[in-house]
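One structure is given below, encoded as structure tokens.
No lab work stands behind these numbers, since they all come straight from the coordinates. Note that the structure is predicted; figures quoted are calculated from it, not measured. All Cβ positions, glycine included, derive from the backbone under ideal geometry; neighbour counts span all protein chains shown.
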Amino acid sequence: MRHLPSLLAVFSLVHGRNAIADQGQDTTRPTAFVGVHVVPMDRERVLESQTVVVRNGRIATIGPTASTPVPSDARRIDAAGRYLMPGLGEMHAHIPAPQAGPAFTERVLYLYVAAGVTTIRGMLGHPSHFELRQRIERGDLIGPRVWTSGPSANDNSVNSPAEAESLVTAQHAAGYDFVKIHPGLRRVEFDALDATADRLGMRYAGHVPVAVGVPRALEAGYWTIDHLDGYLNTLVADGAPVDAATPGGFFGMEFVPYVDQSKIAAVAWATRAAGVWNVPTQILMENLASDEDPNAMAERAELRYMPARTVAGWVQQKRDFLALNPDIETRRQFIAVRRALVKALHEAGTGLLLGSDAPQWWNVPGFSALRELEALVAAGLTPYQALEAGTRSVAVYFGVTDRAGTIEVGKQADFVVLQANPLADISNVWRRTGVMLRGRWLPAADIEARL
């Protein structure tokens, strides 16, 4: 996503004063949530009327309220009737580049947390993001836990196999968590990138260049395929009068009239066999391809955090998209086929991760992850299955189930408290009482005051 600098005005002038973390809260003092219903996300269940005690950034105690004492020095929070669940992971996030300015960058990080996103995977990294991560880890800045790629491998940064090898080698040495792939790589360049990554133990994720294709991406072992990129190409019916080895417009939308949906199950099972995860970013696609009127979209509640000129730009962007893609049935079928892919991938046991691609195309950081949860449910997942993609599965993917992903004693105190049960209705994720991050409690009223 390459449009962050254009959003500089989002917060840097109007809200920049709110970007710095409040250092007044003593996180060594225990905090007790009394009477709360716990949604642990280890399986589909609710532990009713619990007391959850947090100490030194970790969950110290979970037990029935009737029999679990509250430490005498604890900050007591009456959470009777509320629901406590793990914080979410936004697995296709963006952190602004330095030219956006520190106030804007810090504000974007705060927005993620404000919506209950406590972990992000940055998909277009920069050396400055290492310092941001360190500041967050020290508690100098409120922001989610950060995993980050380096600058992307694309047709500008890589023009030969040697350059592909050099990029991977340099990013591995620099300490990036993975390599981001953008469109444009030739097959020979991708093969060099893959070989170098395998040799160094470096992972890569992102788009599937047309010259690579999903079958080769699965064979190579992408860490994730994002946006379901390239999947519609694989679904083109045999003998169709189109060249599936071309981009096919907006994420393959031009192929929709020629899709053979009977191929979906096979590609889903092939994805599972390859062990490749997916980050569908379905809401990103629906934001543009849906029938929803852009003026109505501009009334979305979270857009009040965006300046009027940014919202106006998104309204015009959607109008332009609809003008370029006027066929309503093709757009509807594009959404429907992608939803069918999401459901088939899940049913095949393929790893799915929550991600929306923010900030871009109506996606307000953090809040777009909540819309992605709703999009996953619209695709046929249950609320639990959708939430799993943003909680337990994130920990499994990163290999940190010992400290994250579920609500258990000893795990990191990164969680959200909601007014109602998200397992009963996924829209309840919007009804936050507050967010706890690294043992720091951020009540909803304080969050709203900052925003």
**OP:** Enumerate the amide H contacts of Arg75 below 5 Å, restricted to partners 5 or more residues apart or on another chain; note that Pro and chain-start residues carry no placed amide H.
**Re:** Thr31, Ala32
Original post:
What ranking of Arg431, Arg309 emerges when the number of other C-beta atoms within 10 Å of each C-beta is taken as an exposure proxy, fewest first?
Top reply: Arg309, Arg431
Subject >> J(HN,Hα) series, region 325-330, from Karplus relation 6.51 cos²θ - 1.76 cosθ + 1.60, nearest Hz, glycine and proline x >> reply: 10, x, 6, 4, 5, 5
Subject >> region 367-443-region 148-178 distance, computed between alpha-carbon centres (Å) >> reply: 32
Original post:
Tell me, what ³J(HN,Hα) does each residue in region 280-295 have, in order and in whole Hz, if you take phi through Karplus 6.51 cos²θ - 1.76 cosθ + 1.60 with θ = phi - 60° and put x for Gly and Pro?
Top reply: x, 6, 5, 5, 4, 6, 5, 4, 8, 8, 5, 7, 4, 5, x, 5
**OP:** Compute the FRET efficiency between Ala266 and Asn56 as 1/(1 + (r/R0)^6), taking r as their Cβ-Cβ distance and R0 = 56 Å, and round to the nearest 0.05.
**Re:** 0.65
Original post:
What FRET efficiency do you get for Arg332 and Arg187 if R0 is 45 Å and r is their Cβ-Cβ distance, rounded to the nearest 0.05?
Top reply: 0.85
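Once you have a ≥ b ≥ c as the square roots of the Cα gyration tensor eigenvalues for region 308-385, tell me rounded if a/c is under 1.5, and otherwise prolate or oblate according to whether a/b is larger than b/c.
oblate
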Subject >> Taking Val208, Val259, Val188, Val377 and counting other C-beta atoms within 10 Å, the order from fewest to most >> reply: Val188, Val377, Val259, Val208
**OP:** Taking H placed 1.01 Å from N in the peptide plane, check which residues at least 5 places from Thr61 or on another chain put their amide H under 5 Å from its amide H.
**Re:** Val53
Subject >> Fraction of antiparallel bridges per DSSP, region 88-398 only, in percent to nearest 5 >> reply: 10
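What percent does the relative contact order of region 88-398 come to when contacts are Cα pairs within less than 8 Å and at least six residues apart?
It rounds to 18 percent for region 88-398.
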**OP:** Which order do the peptides 69-75, 36-42 take when ranked by the mean count of other beta-carbon atoms within 10 Å per residue, highest first?
**Re:** 36-42, 69-75
Original post:
What's the FRET efficiency of Asp243 with Leu200 using the Cβ-Cβ distance as r and R₀ = 41 Å, to the nearest 0.05?
Top reply: 0.70
**OP:** Rank the residues Ile120, Ile225 as a footprinting-exposure proxy: fewest other Cβ atoms within 10 Å of their Cβ go first.
**Re:** Ile225, Ile120
Subject >> Prolate/oblate/rounded call for region 273-418, Cα gyration tensor, a/c under 1.5 rounded >> reply: oblate
**OP:** Starting from the Cα of Ser72, move 7 Å in the Cα-to-Cβ direction to define the label point; list residues of region 30-65 whose amide nitrogen is under 18 Å from there.
**Re:** 30-32
**OP:** Return the long-range amide H neighbours of Gly355 (sequence gap of 5 or more, or a different chain), with a cut-off of under 5 Å between placed amide H atoms.
**Re:** Met91, Thr281
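What percent do you get for the relative contact order of region 302-451 when only Cα pairs under 8 Å and 6+ apart count?
Reported as a whole number, the value is 15 percent.
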Original post:
Which value in deg cm²/dmol, rounded to the nearest 500, describes the helix-derived mean residue ellipticity at 222 nm for the chain, given -39,500 (n - 2.57) per DSSP H run of n ≥ 4 and division by the residue count?
Top reply: -10500 deg cm²/dmol
**OP:** Would you mind estimating how fast the chain diffuses translationally, via Stokes-Einstein at 37 °C and 0.692 mPa s with the Kirkwood radius over Cα pairs, in µm²/s?
**Re:** 146
Original post:
What are the ³J(HN,Hα) values, in whole Hz, obtained from phi via the Karplus relation 6.51 cos²θ - 1.76 cosθ + 1.60 with θ = phi - 60°, for each residue of region 28-33 in sequence order, with x given for Gly and Pro?
Top reply: 7, 6, x, 10, 10, 9
